[in-house]
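Q: I have a structure I would like to understand better, so I am pasting it below and will then ask my questions one at a time.
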Amino acid sequence: MTRPAWRRLREALARRADAGLPCIFWLRDDDAVEPTAALDRLLRITARSTVPVLLAVIPAHAGAALAARLAEERRVGVGVHGWSHANHAPPSEKKQELGPHRPADLVLAELAEGRLRLSAAFGGFVPVLVPPWNRIDPALAECLPGLGFEALSAFGAFRAKALPAINSTVDIIDWHGGRKGRPEEELIDGIVRQIGHSGSVTVGILGHHLVHDEAAWNFLERLFEATAEGVSWVSFRDLMGSAGAPAVTAPG
């Protein structure tokens, strides 16, 4: 914890604390389907640091084994990660499961089934939709309250009119640079820029435990250590319970 980048983070957090400015962190991790060694590692390090996590679960592929593994994990919330995490966009477009490429009634029926399955199987169910690849057709997003969803969680500055968008803001994986953990200096610089804003700031950390390398795991552990004092790590359900949509700072 002596590296200059981590020192910059601690100093930025201290400045906010001295100014009486709240700083909230939360954690989302995507693509859960079944118990794995990687999931065990995620649950172990978050439990050690008492950090809640929203686990985005793929309904079509998740079953009783994952539900049993999470049954005693009180700090884990379970959100709906689309339906099957299947891409329906043509090669000329970015990947999307919840885009305008299929009939809306079909897509909404899948999401309704996904919500029903996860709410029945997981005690930590949270009525939030996490769109695969963080993309959803805005017209579909407006229909989510009718399916029982109370929030949406994508990435960055995405907004929806019909329900709160509580988005992650820091993706720890470099998807275009080898699907590996991004350099910690780059991640810390991004967080420092976010918490440099005045007023309330919410920093949403996004992980994908199934592709984490040692750089990604080490970053999470060091971040939890660096924010052990003076920072509130909150659950997604707590964010949903805040008055109105929480302040979410876009990346960068």
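Q: Calculate, for Ala215 and Leu116, the FRET efficiency according to 1/(1 + (r/R0)^6) with r their C-beta to C-beta distance and R0 51 Å; round to the nearest 0.05.
A: Working: r = 38 Å, r/R0 = 0.74.
Working from the Cβ atoms, E equals 0.85.
Q: Tell me the GluC sites (Glu not before Pro) within segment 172-247 that lie in a loop according to DSSP and have at most 11 other beta-carbon atoms within 10 Å. Could you put the intermediate results ahead of the total?
A: Values: sites: Glu184, Glu185, Glu186, Glu214, Glu221, Glu225, Glu229; in loops: Glu229.
Passing sites in segment 172-247 are Glu229.
Q: Over segment 170-243, what is the relative contact order in whole percent, taking alpha-carbon pairs under 8 Å and six or more residues apart? Walk me through the numbers on the way to the answer.
A: Working: 49 pairs, mean separation 25.6, N = 74.
Once normalised by length, the contact order is 35 percent.
Q: What is the mean projected area of the alpha carbon convex hull for segment 1-138, to one decimal in square nanometres? Provide the component values of the computation, followed by the final result.
A: Details: hull surface 46.2 nm².
For the Cα atoms of segment 1-138, the hull's average projected area reads 11.5 nm².
Q: Cβ under 13 Å from Gly63's Cβ, Gly63 left aside: what net charge do those residues give with Lys, Arg +1 and Asp, Glu -1?
A: Numbers: positive: Arg69, Arg117; negative: Glu34.
Taking every other residue near Gly63 into account, the sum is +1.
Q: Please list log₁₀ I(q)/I(0) at q = 0.22, 0.24, 0.26, 0.27 Å⁻¹ for segment 36-112, using the Debye equation with identical point scatterers on the alpha-carbon positions.
A: Results for segment 36-112 at q = 0.22, 0.24, 0.26, 0.27 Å⁻¹ read -0.98, -1.08, -1.19, -1.26.
Q: Ordered by packing density, taken as the mean number of other Cβ atoms within 10 Å over each peptide's residues, highest first, how do 100-108, 37-45, 165-173 rank?
A: Working: 100-108: 13.6, 37-45: 15.4, 165-173: 22.7.
Peptide ranking by packing, descending: 165-173, 37-45, 100-108.
Q: Then there is this: Compute the Cα gyration tensor for segment 161-217, then decide on rounded, prolate or oblate, letting a ≥ b ≥ c be the square roots of its eigenvalues: rounded whenever a/c is under 1.5, prolate when a/b is larger than b/c in the other cases, and oblate in all that remain. Show your work: numbers first, answer last.
A: On the way: a/c = 2.80, a/b = 1.46, b/c = 1.92.
Because a/c hits 1.5 or more and a/b fails to exceed b/c, segment 161-217 counts as oblate.
Q: Also: Please report the orientation-averaged projected area of the chain, defined via the convex hull of its C-alpha atoms, in nm². Display every interim value, and only then the final one.
A: Values: hull surface 52.4 nm².
Over every viewing direction, the Cα hull of the chain projects on average to 13.1 nm².
Q: When the Karplus curve 6.51 cos²θ - 1.76 cosθ + 1.60 is applied with θ = phi - 60°, which whole-Hz ³J(HN,Hα) does each residue of segment 107-114 get, with x for Gly and Pro?
A: Result, rounded to whole Hz: 4, 5, 5, 5, 5, 5, 5, x.
Q: Additional query: Fewest to most neighbouring Cβ within 10 Å: what's the order for Val51, Val192?
A: Values: Val51 21, Val192 15.
Listed from fewest to most nearby Cβ atoms, that is Val192, Val51.
Q: Grab the Cα-Cα distance for Ala86 and Asp18, subtract it from 0.36 nm times how many residues apart they are, and report the gain in nm with one decimal.
A: Details: separation 68, 0.36 × 68 = 24.48 nm, distance 4.68 nm.
Additional length available on full extension: 19.8 nm.
Q: When a/c reaches 1.5 or more, the comparison of a/b and b/c decides; with that in mind, is segment 99-163 rounded, prolate or oblate per its Cα gyration tensor? Please list the in-between numbers first.
A: Numbers: a/c = 1.75, a/b = 1.25, b/c = 1.40.
Note, shape of segment 99-163 comes out oblate.
Q: Quickly estimate the mean residue ellipticity at 222 nm for the chain, helices only: each DSSP H run with n ≥ 4 gives -39500 (n - 2.57), and the total goes over all residues, rounded to 500. Intermediate results must be reported in sequence, preceding the final value.
A: On the way: 8 runs with 87 residues, N = 252.
Using -39500 (n - 2.57) per qualifying helix, the result is -10500 deg cm²/dmol.
Q: Throw me the Rg/Rh for segment 133-252, computed over C-alpha atoms with Kirkwood Rh, two decimals.
A: Working: Rg = 15.2 Å, Rh = 15.6 Å.
Rg divided by Rh gives 0.98.
Q: A follow-up question, please. Report, to two decimal places, the Cα Rg of segment 27-71 normalised by 2.2 N^0.38 Å (N = number of residues).
A: Values: Rg = 10.3 Å, N = 45, 2.2 N^0.38 = 9.3 Å.
The reported ratio for this selection is 1.10.
Q: By per-residue mean of other Cβ atoms within 10 Å, what is the highest-first order of 23-32, 63-72? Mind showing how you got there, number by number?
A: Working: 23-32: 23.4, 63-72: 14.7.
In decreasing order of mean packing, 23-32, 63-72 become 23-32, 63-72.
Q: Quick one: the Cα spread of segment 1-60 along its three principal axes, in angstroms, biggest first?
A: Cα spread of segment 1-60 along its principal axes, largest to smallest: 46, 25, 18 Å.
Since every read-out is calculated from the coordinates, none of them should be taken as a lab result. Just so you know, these numbers come straight off a predicted model, no measurement behind them. For neighbour counting, all protein chains shown are included, and Cβ atoms are generated from backbone atoms with ideal geometry for every residue, glycine included.
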